[in-house]
Amino acid sequence: MSPPTGSQPASPLGQPHNIAAGYIFDLDGTLYLGDDLLPGAQRLIEALISLDRKILFLSNNPTRSPDDYAAKLTRLGIPATREQVLNTIDTMTSWLVRHHPDATVFPISEAPLKQALAAAGIGMSEDPTEIDIVIASYDRTFDYRKLQIAFDAIRTHGRARLVTTNPDRFCPLPGGRGEPDAAAIIGAIEGCTGARCEQNTGKPDPFMLEAALERLGLAASDCIMIGDRLTTDIRMAIDAGMPSALVLTGETTLEILQSHPPEDHPTWVLSRVDQILPAASWNGHD
Ligand SMILES: [Mg+2]
């Protein structure tokens with residue numbers, strides 16, 4: 001896709017006038033959709049690199065490792081290192097290591113989360129009499145057997161707590177499609193056990209943002225969160241008093257935004273992601 005020439009088109013609801021120290025990006029619907037970069041994404045990241053800004057890529061999706069995301073971004077034309085990617089595999093692992101290092105967990109997940117938990121020394125079991133924590137996540141291999149194990153650990157034996165990597169209802173796919181995400185697994189377990197999910201380690205939980213700021217070595221007020229979802233990306237930033245930009249290339253349309261009360265609104269609204277840099281900063285970058 002070709003970048004626009006000349007100065008930036010004005011955003012309908014304003015854009016930043018200053019350049020921040022750190023930029024935290026959602027991925028799906030913000031920088032790419034499926035295997036296609038969204039307009040302006042590549043030239044924006046190139047400009048931020050040339051301006052020596054700190055960049056972090058943030059995803060709620062635990063079905064791919066941070067290494068996988070770094071490789072995908074690089075393949076699509078956005079150079080990224082593993083250290084620049086933080087997802088819910090990282091945050092769930094660090095939450096368990098920090099708060100429940102001796103717990104035996106039952107991850108309802110695909111292979112990458114289990115591999116990270118094993119590498120961190122977290123004990124795992126499918127025996128309901130041993131399980132302390134059931135982890136609901138985005139798991140496309142979810143089945144009745146896994147639900148029965150969670151049911152027995154939580155209700156029959158009354159010993160396990162329910163937590164989740166992320167609260168998303170669905171993962172967006174190109175063409176307006178999607179597939180059920182972790183909320184479907186949480187709902188199935190809550191529905192049969194009556195338990196409530198006690199912890200989320202993804203957006204919009206503060207644990208995710210604290211992990212992001214720790215990785216960047218910056219304060220919330222020095223960064224901008226850029227994403228396409230009001231209930232995760234933007235909510236997390238608002239709760240932390242952090243500037244935020246909603247980009248209208250993913251889940252949220254202007255109509256959806258306007259149906260939400262002002263307290264749910266981001267600092268800025270962008271029709272394409274490269275509008276996050278003030279127009280004047282593009283001189284020499286086109
Ligand atoms: Mg998104």
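Where both bridge residues fall in segment 89-200, DSSP classifies roughly 20% of the beta bridges as antiparallel. With R₀ fixed at 30 Å, the C-beta to C-beta distance from residue 148 to residue 214 puts the FRET efficiency at about 0.20.
If you take every DSSP beta bridge fully contained in segment 1-152, what fraction is antiparallel? Give it as a percent rounded to 5.
Details: 2 of 17 bridges.
Approximately 10 percent, going by the DSSP bridge assignments.
Structure remark: mean-square fluctuation, Gaussian network model of the chain, C-alpha springs under 10 Å; the largest value among 67, 228, 168 belongs to 67.
For residue 27, the residues whose modelled amide H falls within less than 5 Å of its own, excluding neighbours fewer than 5 places apart on the same chain, are 58. Applying 0.36 nm per residue to the separation of residue 35 and residue 156 and subtracting their alpha-carbon distance, the gain on full extension is 39.2 nm.
At 0.36 nm per residue, minus the direct Cα-Cα distance, what do residue 177 and residue 119 gain on full extension? Give it in nm, one decimal, please. Please report the intermediate quantities before stating the final value.
Numbers: separation 58, 0.36 × 58 = 20.88 nm, distance 3.42 nm.
Computed gain between residue 177 and residue 119 is 17.5 nm.
Full extension of the chain segment joining residue 221 with residue 140 gains 25.4 nm, where the gain is 0.36 nm per residue of separation less the Cα-Cα distance.
Once you reduce segment 15-40 and segment 48-94 to the center of their Cα atoms, the two points are 12 Å from each other.
Placing unit charges on each Cβ (+1 for Lys and Arg, -1 for Asp and Glu) gives segment 89-200 a dipole about its Cα centre, and among 129, 172, 148 the Cα reaching farthest toward its positive end belongs to 172. Using 5 Å bins from zero, what percent of all Cα-Cα pairs in segment 1-152 falls into each bin? Histogramming segment 1-152 at 5 Å steps yields 2, 8, 15, 17, 15, 11, 10, 8, 6, 5, 2, 1, 0 percent. When only Cα pairs below 8 angstrom with a gap of at least 6 residues are kept, the chain shows a relative contact order of 24 percent.
Each value in this text was obtained by applying a stated rule to the coordinates, not by laboratory testing. Fair warning: this is a prediction, and the values are worked out from it, not measured in the lab. Neighbour counts are summed over all protein chains in view; Cβ atoms, including those assigned to glycine, are modelled from backbone coordinates with ideal geometry.
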